[in-house]
Amino acid sequence: MNARIVQAKLIDDNHSLNGKLVDLRIENGVLTEIAESLSAKNDEEIIELKDLHVSAGWFDSSVSMGEPGYEERETLKNGLQVAAKSGFTGIAVNPNTKPVADDSAVINFLKTKSSGHAVDLYPIGALTQNGAGIDLAELYDMQQAGAVAFGDYQHAIKNPNLLKLALQYTQGFDGLVLSFPQENDLVINGMANEGETAIQLGLKGIPALAEHLQIARDLYLLEYAGGKLHIPTISTAQSVALVKAAKEKGLDVTCSVGITNLFYTDAALHDFDTRYKVLPPLRTEEDRKALVAGLEDGTIDMVTSDHNPLDIELKKLEFDHAKFGTIAQEATLGALLQLVSAEVAVKALTKGRERFTGVRTQIRTGETANLTLFTTEGTNTFTKEQIRSKSKNAAFLGAELRGSVYGIIANNQFIAS
């Protein structure tokens, strides 16, 4: 593609023109020029939009697809379109498929089926065989096939020796280990955050302690074994403090927060609406504020949509029986801009790419353009018409959001939202 982006506010704190209005020229998919003003050239598409902001392409570190095995929830083709129209140029896809992505064959399928799209798909391989938490999966073979990290989606590793071995083994090929932060022996049949709301509603609680114990254990194992650890979707104030202390000690650890936990509290559960049944559960307002503060001071590295399409048969049930999970990609930017500045939002939406893929996210001439275009202006109420996923289990329906995505430019393609 050949295009000139006109007078866009550049959001990239690694660039000398950060915060300024600039023109950007793309020729044959390569970003060739950035300046405060560029002259016109023939045969180039002009992209000129109100309150246009441009940043390096966003990366979502936790996305569930469905395919293979659960195509009724989401297909790779449509899921990649959802990601593109939500502003993401790269996504890390969870191994909760059928079969579980625990060997090179499934990783190869995901890479092959997703090739040629504007959005790059990066598979997360299961850490254990069939995600059962007993024996390590074929980690090196999956890494050679294209897996960028290893973890059992929303399943904690109960055996500390297994996690220790994973951290030690993956050092041989610079692998990233994910460990879901929940001590399951404290969570038996828990449905919601343990606290006043759960008591009032008669729901079994998931104590914050379950998250704290697992994170503390995992950080001790990381300190002992070495390696690279990522803790997905933390949800409490104490978890932020634990990760901050570990980083101050020099441990190689990162963490993310789900946009739903960043935006909502367990007060949303009062109508027993299963759209708000997520894992980790929605916590207290004190926790939510601590998560926002952790994001702003850099303790929390990235925001993920934790996008998890589910059949209506799995969500339109009594609260106790409904499955955990929500779709959220389409609302991620709008929710985030209600909480933090555009600069903080962009950092949170781009930092995951380097951690998961080793490629630093920045805007640089001479390289293939990988950009997200968006506006911070305007507010809107999120409606069913804005859902592009096949599944409709969206917690953000009815939420007031700010700004919107204009589209992405990646892999020599322009996908408009």
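Please identify the GluC sites (Glu not before Pro) of the range 352-407 that satisfy two criteria: DSSP loop assignment and at most 16 other Cβ atoms within 10 Å. Which are they?
GLU367
Could you work out the relative contact order of the range 125-223? I mean the mean sequence separation of Cα pairs under 8 Å and 6+ apart, divided by the number of residues, in percent.
23 percent
Quick one: among GLY116, GLY90, GLY227, which has the greatest mean-square fluctuation in a GNM of the chain with alpha-carbon springs under 10 angstrom?
Looking only at GLY116, GLY90, GLY227, the biggest GNM fluctuation is shown by GLY116.
If the reach is capped at under 17 angstrom between alpha carbons, list the aspartates and glutamates near LYS316, excluding any in the same chain fewer than eight residues apart.
GLU72, ASP271, ASP273
Calculate how many DSSP beta bridges within the chain are antiparallel, expressed in % of all such bridges and rounded to the nearest 5.
Here the share of antiparallel DSSP bridges comes out near 45 percent.
Report the full-extension gain for the segment ALA132 to GLU71: residue separation times 0.36 nm, less the Cα-Cα distance, to one decimal in nm.
19.7 nm
Leaving out ligands, DNA and RNA, and with a 1.4 Å probe, what % of the accessible surface on the range 15-78 is carbon or sulfur?
Answer for the range 15-78: carbon and sulfur cover 44 percent of the accessible area.
Rg/Rh for the chain: what does it come to with C-alpha atoms and Rh from Kirkwood?
0.96
Relative to the Cα centre, what is the charge dipole magnitude of the range 247-398, using +1 at the beta carbon of each Lys and Arg, -1 at the beta carbon of each Asp and Glu, and rounding to the nearest 20 debye?
440 debye
With point charges of +1 on the Cβ of Lys and Arg and -1 on the Cβ of Asp and Glu, referenced to the Cα centre of the chain, which listed residue (ILE408, LEU251, ALA156) lies farthest in the positive direction of the dipole?
ILE408
Let's see if you can work this out: charge +1 on each Lys and Arg Cβ, -1 on each Asp and Glu Cβ, no other charges. What is the dipole magnitude of the chain about its Cα centre, in debye to the nearest 20?
Dipole size: approximately 200 debye.
Find the relative contact order for the range 261-320 and round it to a whole percent, using C-alpha pairs within less than 8 Å whose residues are 6+ positions apart.
Computed over the range 261-320, the figure is 39 percent.
If the viscosity is 1.002 mPa s and the temperature 20 °C, what translational diffusion coefficient in µm²/s does Stokes-Einstein give for the range 155-249 when Rh comes from Kirkwood over Cα pairs?
So the translational diffusion coefficient is about 152 µm²/s.
Could you calculate the contour length gain from ASN161 to ASP185, that is, 0.36 nm times the residue separation minus the distance between their Cα atoms, to one decimal place in nm?
Length gained between ASN161 and ASP185: 6.9 nm.
Would you give the gap between the C-alpha center of the range 336-382 and the C-alpha center of the range 249-286, rounded to a whole Å?
21 Å
Let me check against my output: what whole-number percent is the relative contact order of the range 246-388, with C-alpha pairs under 8 Å and at least 6 apart?
This gives 23 percent for the range 246-388.
Name the residue from PHE319, THR284, LEU339 whose Cα lies farthest towards the positive end of the charge dipole of the range 261-354, charges +1 on Cβ of Lys and Arg and -1 on Cβ of Asp and Glu.
Of PHE319, THR284, LEU339, it is LEU339.
Going down the list LYS164/LYS323; LYS9/LYS384; LYS204/LYS249, which pairs span over 32 Å between their C-alpha atoms?
LYS204/LYS249
The range 247-300: which trypsin sites (Lys or Arg not before Pro) are DSSP loop and have at most 16 other beta-carbon atoms within 10 angstrom?
Taking the range 247-300 and a limit of 16 other Cβ atoms within 10 Å, the loop trypsin sites (Lys or Arg not before Pro) found are LYS249.
Checking the table LYS85/LYS390; LYS111/LYS392; LYS277/LYS315; LYS228/LYS351 against a 20 Å threshold on Cα-Cα, which pairs fail?
Listed pairs above 20 Å: LYS111/LYS392.
Report, in debye and to the nearest 20, how large the dipole of the range 135-293 comes out about its Cα centre when Lys and Arg carry +1 and Asp and Glu carry -1 on their Cβ.
Dipole of the range 135-293, to the nearest 20 debye: 200 debye.
Can you tell me the FRET efficiency between PHE173 and GLN362 if r is taken as the Cβ-Cβ distance and R0 is 25 Å, rounded to the nearest 0.05?
0.50
I'd like the chymotrypsin sites (Phe, Trp or Tyr not before Pro) in the range 195-286 restricted to DSSP loop residues with at most 16 other Cβ atoms within 10 Å, sorted by number.
In loop regions of the range 195-286 (DSSP not H, G, I, E or B), the sparsely surrounded chymotrypsin sites (Phe, Trp or Tyr not before Pro) are PHE272.
Rounded to the nearest 500, what is the 222 nm mean residue ellipticity of the chain from helices alone, with -39500 (n - 2.57) per DSSP H run of 4+ residues and division by all residues?
Dividing the helical sum by the residues of the chain leaves -8000 deg cm²/dmol.
The values are calculated or read from the model by the stated rules, or taken from the named source; none is laboratory data. Everything quoted here is computed from the prediction, not taken from an experiment. Here Cβ is always computed from backbone atoms with ideal geometry, including for glycine, and neighbour counts include all displayed protein chains. Heads up: the accessible areas ignore ligands, DNA and RNA and are worked out on the full protein's heavy atoms, side chains in. Shrake-Rupley method; radii C 1.70, N 1.55, O 1.52, S 1.80 Å.
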